[in-house]
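Before any comments, here is the structure.
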Amino acid sequence: MSLIHETDYGTPASKSEKRVTLTIDGMSVTVPEGTSIMRAAMEVGNQIPKLCATDTLDAFGSCRLCLVEIEGRGGTPASCTTPVADGIVVKTQTERLKQIRRGVMELYISDHPLDCLTCSANGDCELQDMAGVVGLREVRYGYEGENHTKLGKDESNPYFTYEQSKCIVCNRCVRACEEVQGTFALTISGRGFGSRVSPGMNEPFLSSECVSCGACVQACPTATLNEKSMHQIGTPEHSLVTTCAYCGVGCTFKAEMRGDELVRMVPYKDGKANRGHSCVKGRFAYGYTTHKDRILKPMIRSSIDEPWKEVSYEEAIAYAASEFKRIQEKYGRRAVGGITSSRCTNEETYLVQKLIRGGFGNNNVDTCARVCHSPTGYGLSQTFGTSAGTQDFDSVEESDVILVIGANPTDGHPVFGSRMKKRLRQGAKLIVVDPRRTDSVRSPHIEAAFHLPLKPGTNVAIVTALAHVIVTEGLVNEAFVRERCDWDEFQEWAAFVADERHSPEAVAKYTGVDPALVRGAARLYATGGNGAIYYGLGVTEHSQGSTTVMAIANLAMATGNIGRRGVGVNPLRGQNNVQGSCDMGSFPHELPGYRHISDDATRASFEAMWGVHLDDEPGLRIPNMFDAAVEGTYKGMYVQGEDILQSDPDTKHVSAGLAALECLVVQDLFLNETANYAHVFLPGSTFLEKDGTFTNAERRIQRVRKVMAPKNGYADWEVTQLLANALGFPMNYQHPSEIMDEIAALTPTFKGVSYAKLEEMGSVQWPCNDKAPEGTPIMHIGGFVRGKGKFILTEYVPTDERTGPRFPLLLTTGRILSQYNVGAQTRRTANTAWHPEDVLEIHAHDAENRGIRDGDFVKLESRSGSTSLKAVISDRVSPGVVYTTFHHPVTQANVVTTDYSDWATNCPEYKVTAVQVAPSNGPTQWQEEYEDLSRKSRRIAAE
Ligand code: SF4
Ligand code: SF4
Ligand code: SF4
Ligand code: FES
């Protein structure tokens, strides 16, 4: 294995279809119009020296190293900023050019600390390379004059250093922060010789606006901005391309290694989801993979009051299998089940559901998608015929109006957020529907045309009101609807939404949104060109989550915004493989590929392949598993890679369910909160330790590659296989590629997927089959998967969760950029520098009424329970609304959330809880009891 080097073409590719032919150093080159001379030269392998140019950024033309001569033109233009022209003859290596370049390099080097041998970028430094390329042999100016070589180092960022003395002021970092990331955290302060890169107002990186995405580090040609891991470990010597294990954007990285040590994760330019960008989590927050808290040996205990006993895999697996068998003999076949993980690979998820259906003999399998995007699956399959988003991420580059509903891309899906902001800076218009003023609403160079700050729980009313305006003001794309949708159903829907009770004026009494804003937003979406909708858990995690998804689909169909680039309905998936875990048959009623378990033909194909009889009755959903456990009919559970205790709503009910189990098997990296109630703990493996695939929010199937041996001995799929075998349900896969072959053989939408194809294409978006052998970037082109698009009536039904005198405020929850979900990984990284605890955002008006000051401890109480945390006074939330994240177990935010859920899918209503907030002295009794239980659960018996 060697280090993967990606070619730097110096300037971005031109998208022009017109071709231009020129001559460079005697070679004829044909490239798209608008290509720079530098890039054209690179296309034929001629690397013109450069320092300020890189192909992820627009050309800047400051270093003067890339000069060329063009016949018939005077001077020496910079090849990075000069576009090609038909017939020109370019020379890149004349004596005059060589001399100029050496002179430029002399100036740089005379002001550079020449400590190359001890520099962390030795061997990975473009300045060093260019000194060689231009043939620099002496520095006539000496090193004695005024220079910057004694300037200090900023080490405040946990992951990278800023060594000012090495800066050549090429501006690449500043441009990366602006053009790629869109944060505008860096400037060049001072003038001339005094010019320096400066984070914010000359602050340390950590206290500046910097979000630690790493784009500047990536762009820096010297060691000025450099990963601390390069200082600690040295330069990498081999690499493999793999996929981020955090969010559903699915960024591709090169895992750069030295031996079996990960030196750094470098975003891969050829990654189709991220196009070379990253966020702080994927780029830097991988320290959890080697954290001392990882459990590397299997453990068992006969009761949760006992300390854990470390045992061999054989013993742990045999114990788990015998317990599951005992329970099934005593309580019946359906008394056990399991939960698949949206963090694990497709192959692992597939195996867990296979084990449950084939080994347990029932369909009691569910996944954490239940608590996030299950309404997406339901809503989009009802209206369009496919349980997935319609576009690829590249599509946003052609959107004219972007409607973001209940999502906070800059925090939740940061790399997509950056791509979206880039499009907005180019002139696309933005509409945000969110109770909170998220960063998308207003950030440097971004201002939403409309922000509809609705009351939590009123999405259906708002989206139907948008439809009301579109229908009643004649903004429907009738030609599209007549051709592509069921016309009768459309007419019924149009009459429904046109009713006065759905007008912006009528719904304002529940939504709290100024009707003029709703009307303006509807007009913009319907008439502003390509309209794309992106939505998140702020849509799905409601009692009417599925209804809102269908209302969104109606909106897209009515305006013809579906079936081409730049438009569509795009769920922003939470976890890295939530799309995949749904695709792989993790729901109790569906086999892989979303086919109902009651369908005889589908079941028969699985029965033939697996050699077992399958139950035709849908199994239990997660909340029903807890209900059945409390009732005493559900007794054993296998949970892979999911901390249900911390992530599911109504923690007290979940813990009662878990405590009632006779055998709980938890497979995870860490002793998570769910493991407090476990009897068997099976160590999990990280994404760096296994082969497999993840499927991102674009339906893109991407390889995860094993870059190191599993520290716990086995990849997760191997452990599942051991358990299946012990249960008497044989599995004998030698490699995950064989599991994918089985998936492809049984699942029509995956028929064309194989590891060989992924190797060849890099990634592929399902459906991938005979009809679409290279996959399907955009869905529903020319017709909906279900035939005619289906309009569905979306009556607004207020949630049963109501505010009143006891609980007058509405709590809504969300994520922050630096932390991830329940924080199991990110809390075990240096990301805690940014979000050491969950806090409650409260409007000044509500805080003042309660005598709460900024930073005070407050008690947050609902009908379900109470917790305490610190208050932060914020104008991001409206009066009457409070907001918190749920990344830290000590906060236990889900003690407060209720067990109300989506009518169609049981997805919990995390986003609306009526609460009261009052000053408090510290942790609640529940938090203290809980801490006690966690402490007890972490006891491991001495050998
Ligand atoms: S790490 Fe990202 S946000 Fe921070 S300065 Fe660099 S480019 Fe900007
Ligand atoms: S920090 Fe690096 S990228 Fe930024 S101006 Fe200095 S040398 Fe260039
Ligand atoms: S945006 Fe998501 S997938 Fe990309 S690096 Fe960040 S966490 Fe990973
Ligand atoms: S690379 Fe062209 S001017 Fe710097």
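Within segment 261-275, take every residue that is in a loop (DSSP other than H, G, I, E, B) and surrounded by 23 or more Cβ atoms within 10 Å (Cβ to Cβ) and give me the one that is farthest from ligand 4 (Cβ to nearest atom).
A273
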Open item on the list: Suppose we filter segment 175-202 for residues that are within 16 Å of ligand 3 (Cβ to nearest atom) and either under 16 Å from S62 (Cα atoms) or open to solvent by 50 Å² or more (accessible area, probe 1.4 Å) (or both); how many remain?
Closed with: 1
Open item on the list: Checking R705 against (1) without any contact (Cβ under 8 Å) to a residue 24 or more places away in the chain; (2) of a type outside the set (S, T, N, Q); (3) open to solvent by less than 60 Å² (accessible area, probe 1.4 Å); (4) touching a Ser or Thr at 6+ places or on another chain (Cβ under 7 Å), only one condition comes out false. Which one?
Closed with: (1)
Task: Filtered residues of segment 355-371 (kept if outside any loop (DSSP other than H, G, I, E, B) and in contact with a helix residue (DSSP H, G or I) (Cβ under 8 Å, 6 or more places away or on another chain)) - done: L355, R357, G358, G359, F360, V365, D366, T367, C368, A369, R370, V371
Open item on the list: Go through (1) in contact with a strand residue (DSSP E or B) (Cβ under 8 Å, 6 or more places away or on another chain); (2) among the acidic types (D, E); (3) buried (at least 23 other Cβ atoms within 10 Å of the Cβ) for E662 and report which single condition fails.
Closed with: (3)
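Yes/no matrix, rows are residues, columns are (1) under 30 Å from K788 (Cβ atoms); (2) basic (K, R); (3) buried (at least 24 other Cβ atoms within 10 Å of the Cβ):
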site: S342; (1), (2), (3): no, no, yes
site: N363; (1), (2), (3): no, no, yes
site: C372; (1), (2), (3): yes, no, yes
site: T376; (1), (2), (3): yes, no, yes
site: T386; (1), (2), (3): yes, no, no
site: F393; (1), (2), (3): yes, no, yes
site: D400; (1), (2), (3): yes, no, no
site: I405; (1), (2), (3): yes, no, yes
TODO: Only strands (runs of 3 or more DSSP E) wholly contained in segment 1-120 count here; list those with 1 or more residues that are among the polar types (S, T, N, Q), touching a strand residue (DSSP E or B) at 6+ places or on another chain (Cβ under 9 Å) and modelled with pLDDT of 95 or more.
DONE: 19-24, 27-32
Task: Qualifying residue in segment 32-51 (condition: in contact (Cβ under 8 Å) with a residue 60 or more places away in the chain, among the polar types (S, T, N, Q) and either open to solvent by 40 Å² or more (accessible area, probe 1.4 Å) or under 17 Å from C170 (Cβ atoms) (or both)) - done: yes
TODO: Just give me the residues in segment 431-474 being closer than 22 Å to Q181 by Cβ, assigned to a loop (DSSP other than H, G, I, E, B) and of a type in the set (A, V, I, L, M), in sequence order.
DONE: V441, A448
Task: Odd one out for G152 among (1) exposed (fewer than 14 other Cβ atoms within 10 Å of the Cβ); (2) within 16 Å of ligand 4 (Cβ to nearest atom); (3) small (G, A, S) - done: (2)
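Matching residues to (1) in a loop (DSSP other than H, G, I, E, B); (2) more than 8 Å from ligand 2 (Cβ to nearest atom):
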{"residue": "S165", "(1), (2)": "no, yes"}
{"residue": "I168", "(1), (2)": "yes, no"}
{"residue": "A176", "(1), (2)": "no, no"}
{"residue": "V180", "(1), (2)": "no, yes"}
{"residue": "I188", "(1), (2)": "no, no"}
{"residue": "V197", "(1), (2)": "no, no"}
{"residue": "M201", "(1), (2)": "yes, yes"}
- [ ] Show the residue pairs that are 6+ apart or on different chains and have beta-carbon atoms under 8 Å apart, the first residue being within segment 566-583 and closer than 15 Å to C368 by Cβ, the second being among the aliphatic types (A, V, I, L, M) and in a strand (DSSP E or B).
- [x] G580/I701
Task: Residues of segment 204-220 satisfying the condition of being within 16 Å of ligand 4 (Cβ to nearest atom) and open to solvent by less than 10 Å² (accessible area, probe 1.4 Å) - done: A219
Open item on the list: Which count do you get for residues in segment 204-249 that are away from ligand 1 (no atom under 11 Å from the Cβ) and not in a strand (DSSP E or B)?
Closed with: 21
TODO: Could you list all residues from segment 606-643 that are touching a helix residue (DSSP H, G or I) at 6+ places or on another chain (Cβ under 6 Å) and hydroxyl-bearing (S, T, Y)?
DONE: Y634
Task: Whichever residue in segment 243-260 is free of Cβ contacts under 8 Å to residues at least 40 places away in the same chain and more than 9 Å from ligand 3 (Cβ to nearest atom) and, among such residues, is surrounded by the most Cβ atoms within 10 Å (Cβ to Cβ) - done: R258
Open item on the list: Checking the condition away from ligand 2 (no atom under 16 Å from the Cβ) and under 45 Å from the mean Cα position of the chain (by Cα), which residue from T118, T56 passes?
Closed with: T118
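Here is a yes/no grid of residues against (1) surrounded by 19 or more Cβ atoms within 10 Å (Cβ to Cβ); (2) touching a Gly at 6+ places or on another chain (Cβ under 6 Å); (3) more than 28 Å from L669 (Cβ to Cβ):
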position: Y714; (1), (2), (3): yes, no, no
position: W717; (1), (2), (3): yes, no, no
position: Q721; (1), (2), (3): yes, no, no
position: L727; (1), (2), (3): yes, yes, no
position: M731; (1), (2), (3): yes, no, no
position: M779; (1), (2), (3): yes, no, yes
Open item on the list: Being on the phi > 0 side of the Ramachandran plot and out of contact with any strand residue (DSSP E or B) (no Cβ under 8 Å at 6 or more places or on another chain) is the filter here; which residues of segment 629-649 pass it?
Closed with: G632
Open item on the list: Condition (residue is in contact (Cβ under 8 Å) with a residue 60 or more places away in the chain, farther than 30 Å from G152 by Cβ and surrounded by fewer than 17 Cβ atoms within 10 Å (Cβ to Cβ)) applied to segment 55-76: is it met by at least one residue?
Closed with: yes
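The rows are residues; the columns are (1) more than 16 Å from ligand 1 (Cβ to nearest atom); (2) under 30 Å from P798 (Cβ atoms); (3) out of contact with any Leu (no Cβ under 8 Å at 6 or more places or on another chain); (4) not aliphatic (A, V, I, L, M).
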position: F416; (1), (2), (3), (4): no, no, no, yes
position: G427; (1), (2), (3), (4): yes, no, yes, yes
position: I431; (1), (2), (3), (4): yes, yes, no, no
position: D439; (1), (2), (3), (4): no, yes, yes, yes
position: V460; (1), (2), (3), (4): yes, yes, yes, no
position: V463; (1), (2), (3), (4): yes, yes, no, no
position: I470; (1), (2), (3), (4): yes, yes, no, no
position: E473; (1), (2), (3), (4): yes, yes, yes, yes
Task: Enumeration of residues in segment 621-639 that are touching a Pro at 6+ places or on another chain (Cβ under 8 Å) and open to solvent by 50 Å² or more (accessible area, probe 1.4 Å) - done: R621
Task: Sole residue being over 30 Å from D411 (Cα atoms) and open to solvent by less than 10 Å² (accessible area, probe 1.4 Å), chosen from V497, V441 - done: V497
Task: Out of G728, G684, G692, G641, sole residue that is touching a residue at least 12 places away in the same chain (Cβ under 8 Å), more than 16 Å from ligand 4 (Cβ to nearest atom) and over 25 Å from the mean Cα position of the chain (by Cα) - done: G728
Open item on the list: Cβ-Cβ under 6 Å, sequence separation 6+ or interchain: first residue in segment 842-858 and touching a residue at least 40 places away in the same chain (Cβ under 8 Å), partner surrounded by 15 or more Cβ atoms within 10 Å (Cβ to Cβ) and among the polar types (S, T, N, Q). Which pairs?
Closed with: F857/S868; F857/S920; V858/S920
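The values are calculated or read from the model by the stated rules, or taken from the named source; none is laboratory data. Predicted model, so just to flag it, every value in this text is computed and none were measured. Heads up, the Cβs are rebuilt from the backbone with ideal geometry, glycines too, and the neighbour counts pull from every protein chain shown. The protein model used for the area step is the full one, side chains on, heavy atoms only, and it has no ligands, DNA or RNA in it. Shrake-Rupley method; radii C 1.70, N 1.55, O 1.52, S 1.80 Å.
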